[in-house]
Each structure stands twice: as C-alpha cells, then as structure tokens.
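Notes follow the structure.
The values are calculated or read from the model by the stated rules, or taken from the named source; none is laboratory data. Predicted model, so just to flag it, every value in this text is computed and none were measured. Glycine gets a Cβ as well: all are built from the backbone with ideal geometry, and neighbour counts include every protein chain shown.
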Amino acid sequence: MEFAELIKTPRVDGVVLHRPFMPTVEGTLCLTGHHLILSSRQDNTEELWLLHANIDSIEKRFVGSLGTIIVKCKDLRVIQLDIPGMEECLNIASSIEALSTLDSVSLMYPFFYRPLFEVIEDGWQLFVPEEAFKDLESMTDEWRLSEVNKDFSVCPSYPSLLTVPKDIDDESLCKAASFRHGGRFPVLSYYHKKNGMVMMRAAQPLTGTNGRRCKEDEKLINATLCAGKRGYIIDTRTIAVAQQAKARGGGFEQEANYPQWRRIHKAIERSNVLQESLIKLVESCNDQSHSMDRWLSKLEASNWQSNVKEILTTACLAAQCIDREGASVLVHGTEGTDSTLQVTSLAQIILDPSCRTIRGFEALIEREWLQAGHPFQQRCAQSAYSNGKPRSEAPVFLLFLDCVWQILRQFPCSFQFNENFLIMLFEHTYASQFSTFLGNSVAERVKLLLSQKTVSLWSWVNRPQELERFLNPLYEPNNLVIWPSVAPQSLQLWEGVFLRWNRSTKCLDEAYQEMVHIIEYNKELQNKVNSLRRQLAQLETEDSPLQTP
Amino acid sequence: MEHIRTPKVEQVKLLDRFSNKSVIGTLHLTATHLIFVESNSTSAQEIWILHHHIASVEKLSLTTSGCPLLIQCRNFRLVHFVIPRERDCHDIYSSLLRLLRPVSYDELYAFSYNPKQNDQQREEGWQLIDLAAEFERMGVPCDQWQLTDVNREYKVCETYPRDLYVPITASKPIIVGSSKFRSKGRFPVLTYFYQEKKAAVCRCSQPLSGFSARCLEDEHMLQAISKSNHNSRYIYVMDTRPKLNALANRAAGKGYENEDNYSNIRFQFVGIENIHVMRGSLQKLLEVVGTRSLSMTDYLVGLENSGWLRHIKAIMDAAIFLAKAVTVEGASVLVHCSDGWDRTAQVCALGSLLMDPYYRTIKGFMVLIEKDWISFGHKFADRCDQLDPDPKEVSPIFTQFLECVWQLTEQFPQAFEFSEWFLIQIHEHVHSCQFGNFLGNSQRQREVLQLKERTYSLWAHLLSEKQNYLNPVYSPSFAESHPVLEPSTQACHFKFWRNMYHQYDRSMHPRQSILKQVLTFKESNRELEGTVQALKTKLQKFGVSTSPLKEDAPASTDGERTVEGSSATENGYGELTGSFGSKNEPAVVTLEFGVARMTC
C-alpha cells in the first residue's frame, strides 16, 4: 500500500495552530506518510512535527468556510488547527484519520525511520538474558537457564531463555506450563542478594472447577523454598475474582496442594477497568470548570489514585515478604502479563538499588515488561481520547510509571533519573520512531526482525547528549530498601503527565533549573577548592615563595 | 505549681497514630509543658507539648494495658498515651484540664518565657516591624492620603490601631459619622496603596444599613476614597460574604451598601463563608485525614465533603479579583465582611501579597501580618482559643491565610524568600502564646497588657533562625518579571497541605527532602566561596595570580550522607502487619525544621 493513496491533500497554506500556553502559529500544513507538519516557514519559529501514531482521535468543526480540527494526542495533549476551506479541512481530517489508525505493524514509522545520529551502543544488545544470568550465577548456583522455550512453543509470550530452579528439568517445565494460563509457568523474576529469597512470577494455575493439580508445578515452586521455610503466593485478584476464574478453567493454588505456601489476595483491577479509569481521569483533568467539588468528585470517580495506591501497596507487600519476613514469593494474577508485572517490577525498585539507576531501570523494563511479554502493542494502541470501544487497550505500564513517580517523589535523592525520564518512556510506549515497544512479545519482535530493521529506544536514550535531560541532580546512591508511604495523603496526582498541558510550567521549570544550577555550582566550587589546595600544597613543599609557576 | 498533682509517670506507652507501633517512656508534667521521654536509650526521642498547644484532652475507658489518654493539639499533633495506673492517668488528666485553660493573661507562657535577652534586645525585637515605615514605603502620606489622629485614644474605634490613613478630603466629622454607620465603628481606612496606579485598597466593616438606612458621611467617605484616585471613575466595594448572609444581616440592622445611594461604586459579593462554617470544615478535614487505613476513595470524598479546599479557593479567588481590579483596572477597592476582621483580613492581606513582591520576602511577610492581621484587630485571642474561650469564636481564619500563601508557593516556587517551614512555624507560634505578638484581640488590649515590656517578639526570634526558613530557589529577579502574581484558579491546582496537617506524622512525609538537600548545597556554596577566597589570598602571598573558576579537572565530590530507608511495618501495607514482630528500623530523617523548640 502506498501512503500517497491515503493522503488526499498533502498541503494547505494559511493554517493556524493553537496550542495551550503557547503562541499561535500560522503556516503551511503538510501531511507525510508518518507526520503532520506545520511550518511557519520563518526562522526562529518552532515547527510542529506530530507522528500520526500519536494521534488518538480528532474532531471537526465548521464555522462558515473555516474548518477546525481538534487533534487529541496519545500523550494527552490537545491541539487545534484552523484550516481555511471546507474541502481542505475534510480532506485533511480523513487523511489523518486513515493514517493514524493503520493496522499493519510493518507500516509503522520505526520501519521507515533512519537515525540522524550514529548508533554507538546498540540498544538491542544491551540487555540479553545471558548477561542477567551471569550476575545471578555470581550470587547463587541454585538456578539454571533453560532453553525449553527456544522456539516459543511452550509459552508464546515468554522469551526463549528462562531462569528456573536447577533441579527442575525441561520435561517438568513443559508439564507445569500446561497447568498455567498461556503456558506461563513459574520463572525467576528477582533474587534478593541480602537473604537469598526470590520472587517468581507466573500466570494463574488451571485448576478449573474440579480442582486439578499438577505435581510438577508444585515441585517447581517448592524447589525455590529453603528447607523448612514457607513462602507467600500473592494473587493480584480478590478471592471472589479468583473463584470466578475457576469456571473458565483458571483458578488459584489450593492450600492442600501447596501446604508450604500462604496465599494472599489483593485487588488490582483488570486492564479493561484501568482503561476506563484513565479516560475518566483525563476527562476530569481537562474539565475547564473551576468548581472544587466537581474536580474532587470526578477525580475520585475516576479511581485512578485508588489504582495507584492498590498497586503500590501490593508491591510493598511483596517486598515486605521478601526483605522483612525472609520468605520467597510467587506473584500472579490471571494472565500474568499485566498486574503481575506491575507488582514484580515495583517490588524490585523498592528492594534493589540498581533498579534505581538509569541502566538498571532500562534493564528492569526489558526483563520485567518487554521480555516478560507485556502486550505493549495491544495495550498502547489507543490512549485516553479514543472514541471507539476499547479492545485490549489499558494503561498498565503508565500506572507502573505513575507508581515509580510516587516513589521518586518520596525518595527524591535515591534515583539516578528524574521525572522527565518517566514521561519520555510514557510517550514512547504510545508513539515512537523507535521500535522497542512494538509487538506484544519477544516472539513477535523476533518475527518482525526489529533488531535488524529498526532502531532501539535505548540506542538513542543512552547517548550522553540525551541522557543529560534525564539525570537527577540530587542523586546519591542509596543502598537501602526504600519503603514508600501508601497513605492517600502521601500519594499525589502525577501532574507532570495529567496536568502537563493545562498549565504553564514555566515557573516550575525555571525553579528546577535554579536547583540544578545550585548543585552544579557546588561541584564547580569543590573543584576549585581542590585545585587551589593542590597548588598551595605544591608551593609549600617547594618552599620557594618567590618563584612563580 | 499547685495544679500539678503527679509530675512524673513511668512506663507510659505512646501509640503511633497510624500504625501498630508503640514506644515506652516517661511522662513529665511541668508548669508549661507535657514531656514524653522515650526509655529506649539509643533513639530516645522526646516529645515536648506546650500546654497552650493542647486543644483537648480525652480520657478513654480503661483497657487491660492501662488507661488511654488522647491529646489533640492545635498544631494538628495527636498523641495517644496509655498510662498503666488509672489514678496517674486521672491526675495527669485533671491537671491538664486546668493547665490548658488559663484564666488570666498572666498565666500565658509569654509572660514567663525568658530567652535570656536583656531589655535592650527585647526592645530592639519589638522595633523590627514599623508600620509607619511600611506606609511610607507604599508612598503614604501623599497628596491624596494622610495620617489621621482621630483614633489616637481609641475613641472612634477601639479595635483599630491608633494610626490610620484616610483620604485628605475626609474630614473628621465625615470619619466620625461614617464610623457610627459601620459595625464596631470600623470605618473605611487605607490598608494598601498601589503606587503605580495610585489605587488604594481600603477596609472596613459592614454598613448599618438595614433595609433602608443611609448615612451621608459614609457616602462622602466612599466618595472621598473614589476621588483620591484619578485613574478610575468608580471604586469596587467587595463584600466578601455570600449574598445570603449579607441579606440576613439586614434584618439585624446591618447589611451592605445600596448602589443607588453611593455614586460610582461597583458592588460585588465574593462568597467566602463565615467563621462557623470554616471551623466545621477544618473539623471535618481533620477527622478524615486522621482516619487509620484510610482508603483513597474515603480520602477524596472526605476532602470534598469537608469543603476545605473549596473555601481556600474562594479566598484565593477573592484576592485575585482584588489584585486584578487594582493592578489592571487601576481602581480602588473597599473590602469588608461583617466585622471586617476575618474575611476582610484574609482578602486584603492575600491581595496585597499578590500585588507587591515585598510581602513575599521574610521581612515583608512579617510586616503584612503585623499590618492586616495584628494591627487591624483580627481577634487572635478568640480565634485561636488563647484564654477561657468561647468555642463559637474559635476559627482557623489565619490558618487559611497561611495555606493560601502555601498554595501560591507551590505555583510560584521562586517568588517567595521563605519556604513552607516559615509558614508552619508562624502557625505554631500563633497558638503557642510563647511570644507577645499574637496575644489579645486588638492593639489597645496589647497596650493594656504591656506586651512590649513584658514579653518578647516572635519576629526577632524567627529572624534569628532565618537560615531554617529560606527558600533555596528564591529569585529576587522573579519579582521584576512577575511583580503581580497571577495564579491559576483551576481546582486541580489546589492541593492538600500535608506538611501542615500532618506535620508530626512522620510516616506520611517524603523520606528525603529536596528542600533540605538544596538548602545544604546552598549553604555549602557559601562556605566554599569563602574557602576559595581564603585560598586565593594565601596563594597571592606566594605571588601567584589566581585563575578564574571552571578550568580544573573534576575531582571527587563524594560526601557521606546518611540515607533513609524508613520502615515497612510503619506504613501498614496490610495482611502482614502484626503477624510478625516489628524490627528496628533505620532512623527516618527529621523533616521538621518547624518543630517548636521550647525553652522551659
């Protein structure tokens, strides 16, 4: 298919662009295969380059022959284009609609994007399971790397290499896989160096209504317990939801079959509910009414903050079991690709200082989200402004980022990255020139030949020029476990994402810059003092006060 | 001290408000403080509670572990003791009941507090803030405004200060006539002068208009205010009450200005609720946020139902209206409510702060409070429950003002010289009765009490520890680019002020404080600049000309700093709490610059 077929009018002059808290720009609007471009053709005026993939929905309005298109983006920005001429406006609108809803992955921008920078460190090679396993091997010899899923046949959503208990052979793994939803048998998620406890993740067991059991599954997870120790199973669903799952062949671990495990149910919402929550939240944030009661009741009704609190609480619970109770933990929900990953990844941020560095956080996203098979493409196909009925869209990853932001707020000196890093990740999961978040699993990404044909987000982010924006000037490595407060008074609405476009951030940005300046000046002064001291010491030892250097 | 029956009780348990944690310690009762000293010698935290800070003491029914005593403080601290023997508990309880209800001003802490300063220092402290100088700074007296001596003996209005500024065309008979037509004699006077447009902010109380009464002198008075400003043909009269309340007041012979009788006024209601609504609102807010294991839904619903943020926004909206009228339209504004000492003080003070960068500095903020709150007779003694109170007079009016300022600091982080700890510390001392500034209800009463001779000034104390209250990212040049602040009034930009209402609930605070960290850097920068200078001087003795900054190779800047982990059990994530014994946690950083450190 040619993009040209979809572009009914490639160019319109005299278009006026309105953006919140920015001056209006008049210029020429151009449509290309992947971008909407507005250029004033004057020097010093900012151009707008908008990826079609970033467009969530559009609205048209007409006043006489002047048409207006409201463009609502997946990054939650809303912009307005005034287009002279009814026909041009209709043409532009339908072209945008067609171009922003392309179904085929291979037509996505990352397949056409050519980087203008030299790739020094290839992001595709940065986080390979073998490397992570080497780290593990240096701490324990209880685990092995299994190739049982090398052709993705045992579990299509798992990567080809998986870390499993040393004593469990591949045949048992296959049997355990057949007992778990989507073949997602329990695998290692995190090893807590401090006390040797582990966190595993899986999908729900397929016990069904008649209480099926699987000896291999029981053996597999028991193999992770030290002699005489008990473990915790954290089921991210309420007991009622877990009960209902039995009717559809799913279920939960029966005490009788897993006597060494204590099961705890939490109440993290399923993905379709989360999408609804996001839509309502964004709607209330964009509400222009200034009524306090209306704002608070809409914020409450969106349930977003409740979701943040529940996810964070569950992650803290998992971390508490591991670090405080010295017990191993198995986390699962239904499919094991959404709430499970929220919990396991957040628990690691709480427990493991290395996850709070930029590289460590990237590795965490690779391990616990990309390789663990979170279906990014499905979840991020649409955002808060989509008109259509949601299919499998859900802000699962955005909620994870929100929770990380909450911890960052409470421990502002313990993270190497700043809020901008999290916002950047949010943007790239929904629309990007890089392909890191394309596809729903490792298997799909391999099939798409992403690593050969496209550029990884990490190849770009990790360049020193880019990283600078994302570094937290207050960072000082903190080797402790960090326990956030989950009281509602301690959790805040993530303004950087949800109120980003309906306030002027100038004052806040300048204050941030001032803080950065104070800290940088401190380093400068330190250096100056050190060098002067050296100079002085040298002169004193030379003991020749009249000699100039 | 005669009221203290049991000065010391041992083996007292202090329960944490939001978790299942508790510590054992000794309780001491002194003439001024209730002190809890933790027995565990390694951490040995001490809690000092000033009797004046205690709002209520409650003795709960006996349990197996002892007799619970619940103490609620005006600075939003809540402590829950369990005292092993009921007799001791009862003694402490009844002593406290007596101690927290002083019957005369002489019993207030300010009269016994002695910071070891001599009389001269004390006097200097009181001279720090000079309101005459402040009016001079605004450009008053001038060709349109003059100082009147009509209230020199507090004869016209006993709740006003002696020195008042009025239009030059307002003669004494007009002033006296106008004052007779205003509640409590509070006639229109100048509180802020916007020099750039010669526009005035005036304040007064409601007119005694009833359904039809009028007063020519009062009409003249408003006319005189209007005439003094050539930039605008009209003045705004802002009645800060909801219209319904103002209407109801008419039946009592009070009310609001009839636009037909006053030429060239633009009358406007702004709808801030009265002291009783505000008291109830805070009560509800505290109930909600004091709930253990509060769910997000209950929190947000409770926040909404309390109406607290709605009231804060109403005050802010009114102040913005005032600032716009003055700075954009160049119109003078007359502000009143009923008596003109609550809502009027809030709106005038906050409006001035929006218009004038001086009030956003530490010294300027003190001046602002001294002017619009203290001198104009905000009834601190009644509102803050200082002495044998009438519960119906208590209301968090001043707290709301401080909160509005905090909301502004959140929107304009570089506009204020001070941080929120300054606001919190002022709040602390409005209730502590440790300094003389806020005692009593009016200037006149303060003179009778001889506060300047017998007590110390808070402002001197705060200035002496100014370092703690600085905002490290404050930018004086911000005032030049933003002389007038234009805050957003969208509801979503108003936030719950956790550090005020949960100041003492450590588990809720961020575990690391950006503010503290950046302050440390700033302090260190100052020291390093000194060191650089000293080193350069030394080098010059060697005959070396020193190089400018920024040419040296980076060196290690690692400084050891303790980091904080806080505890899992403290936060109560659910299920596990209580099922396993809690362990010792790494200490949590103290964020409270604001804790009142009292000297006995």
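In table form, for the structure just shown:
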quantity	calculated
Filter pass, A:Glu59 being on the phi < 0 side of the Ramachandran plot, outside any helix (DSSP H, G or I), free of Cβ contacts under 8 Å to residues at least 60 places away in the same chain and surrounded by 13 or more Cβ atoms within 10 Å (Cβ to Cβ)	yes
Helices (runs of 4 or more DSSP H) contained in region B:432-549 and holding at least 2 residues over 23 Å from the mean Cα position of the chain (by Cα) and either at positive phi or among the hydroxyl-bearing types (Ser, Thr, Tyr) (or both)	B:476-481, B:514-541
Hits in region A:170-201 (condition: out of contact with any strand residue (DSSP E or B) (no Cβ under 9 Å at 6 or more places or on another chain) and charged (D, E, K, R))	A:Glu171, A:Lys175, A:Lys193, A:Lys194
Options A:Lys175, A:Lys219, A:Lys166; residue that is out of contact with any Lys or Arg (no Cβ under 7 Å at 6 or more places or on another chain) and either exposed (fewer than 14 other Cβ atoms within 10 Å of the Cβ) or farther than 26 Å from A:His374 by Cβ (or both)	A:Lys219
Criterion violated by B:Gly436 - all others in (1) at the interface with another protein chain (Cβ under 10 Å from one of its Cβ atoms); (2) over 22 Å from B:Gly351 (Cα atoms); (3) touching a helix residue (DSSP H, G or I) at 6+ places or on another chain (Cβ under 6 Å) satisfied	(1)
Cβ-Cβ under 7 Å pairs, at least 6 apart or on other chains, region B:404-423 side more than 19 Å from B:Trp308 (Cα to Cα) and touching a residue at least 60 places away in the same chain (Cβ under 8 Å), far side part of a loop (DSSP other than H, G, I, E, B) and among the hydrophobic types (A, V, I, L, M, F, W, C)	B:Phe412/B:Leu485; B:Pro413/B:Val473; B:Gln414/B:Val473; B:Ala415/B:Leu485; B:Trp421/B:Phe593
Helices (runs of 4 or more DSSP H) wholly inside region A:262-361 that include at least 2 residues being more than 8 Å from chain B (Cβ to nearest Cβ) and in contact with a Cys (Cβ under 8 Å, 6 or more places away or on another chain)	A:304-323, A:339-351
Lone unmet requirement of (1) surrounded by fewer than 18 Cβ atoms within 10 Å (Cβ to Cβ); (2) under 31 Å from the mean Cα position of the chain (by Cα) for B:Lys59	(1)
Enumeration of residues in region B:91-141 that are of a type in the set (Val, Ile, Thr), crowded, with 19+ Cβ neighbours inside 10 Å and part of a loop (DSSP other than H, G, I, E, B)	B:Ile129, B:Val140
Which listed residue, of B:Ser481, B:Ser395, B:Ser457, is out of contact with any strand residue (DSSP E or B) (no Cβ under 9 Å at 6 or more places or on another chain), surrounded by fewer than 23 Cβ atoms within 10 Å (Cβ to Cβ) and small (Gly, Ala, Ser)	B:Ser481
Odd one out for A:Lys134 among (1) more than 30 Å from A:Thr68 (Cα to Cα); (2) modelled with pLDDT of 95 or more	(2)
Single match in A:Ala247, A:Ala227, A:Ala256, A:Ala242 (criterion: aliphatic (A, V, I, L, M) and surrounded by 14 or more Cβ atoms within 10 Å (Cβ to Cβ))	A:Ala242
Condition met for B:Thr344 (in contact (Cβ under 8 Å) with a residue 12 or more places away in the chain and buried (at least 24 other Cβ atoms within 10 Å of the Cβ))	yes
When residues of region B:20-73 are limited to those that are touching a Cys at 6+ places or on another chain (Cβ under 7 Å) and not β-branched (Val, Ile, Thr), the one nearest to B:Val394 (Cα to Cα)	B:Ala55
Criterion (on the phi < 0 side of the Ramachandran plot, touching a residue at least 24 places away in the same chain (Cβ under 8 Å) and more than 31 Å from the chain's Cα centre (by Cα)) met by exactly one of B:Ser183, B:Ser171, B:Ser205, B:Ser178	B:Ser178
A:Glu510 being of a type outside the set (Ser, Thr, Tyr) and in the same structural domain as A:Leu399 (by the TED database)	no
Filter result for A:Leu425 (in a helix (DSSP H, G or I), within 11 Å of the chain's Cα centre (by Cα) and either at pLDDT below 95 or under 18 Å from A:Ser339 (Cα atoms) (or both))	no
Any hit, region B:310-331, residues being within 14 Å of chain A (Cβ to nearest Cβ), without any contact (Cβ under 8 Å) to a residue 12 or more places away in the chain and among the small types (Gly, Ala, Ser)	no
Selected residue (only one of B:Asn261, B:Asn229 is in contact with a strand residue (DSSP E or B) (Cβ under 7 Å, 6 or more places away or on another chain) and surrounded by 16 or more Cβ atoms within 10 Å (Cβ to Cβ))	B:Asn229
Considering residues of region B:489-539 that are of a type in the set (S, T, N, Q) and within 7 Å of chain A (Cβ to nearest Cβ) only, the residue surrounded by the most Cβ atoms within 10 Å (Cβ to Cβ)	B:Gln512
Residue satisfying condition, being hydroxyl-bearing (Ser, Thr, Tyr) and either more than 29 Å from the chain's Cα centre (by Cα) or at positive phi (or both), within set A:Ser284, A:Ser289	A:Ser289
Some residue of region B:391-412 being within 23 Å of B:Asp356 (Cβ to Cβ), among the charged types (D, E, K, R) and out of contact with any Phe, Trp or Tyr (no Cβ under 8 Å at 6 or more places or on another chain)	yes
Test: residue in region A:129-146 that is within 14 Å of A:Phe185 (Cβ to Cβ), free of Cβ contacts under 8 Å to residues at least 60 places away in the same chain and not in a helix (DSSP H, G or I)	yes
Residue that is among the β-branched types (Val, Ile, Thr), in contact (Cβ under 8 Å) with a residue 24 or more places away in the chain and within 7 Å of another protein chain (Cβ to nearest Cβ), where the choices are A:Val486, A:Val497, A:Val529, A:Val516	A:Val486
Selected residue (only one of B:Thr537, B:Thr520 is within 26 Å of A:Phe411 (Cα to Cα) and free of Cβ contacts under 8 Å to residues at least 24 places away in the same chain)	B:Thr520
Hey, A:Glu253 more than 26 Å from the chain's Cα centre (by Cα), within 9 Å of chain B (Cβ to nearest Cβ) and not in a helix (DSSP H, G or I) or not	no
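So that you can scan it fast, the table gives a plain yes or no per residue for (1) modelled with pLDDT under 95; (2) closer than 20 Å to A:Pro484 by Cα:
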position	(1), (2)
A:Gly388	yes, no
A:Ser392	yes, no
A:Phe397	no, yes
A:Phe400	no, yes
A:Cys403	no, yes
A:Arg409	no, yes
A:Phe417	no, yes
A:Asn420	no, no
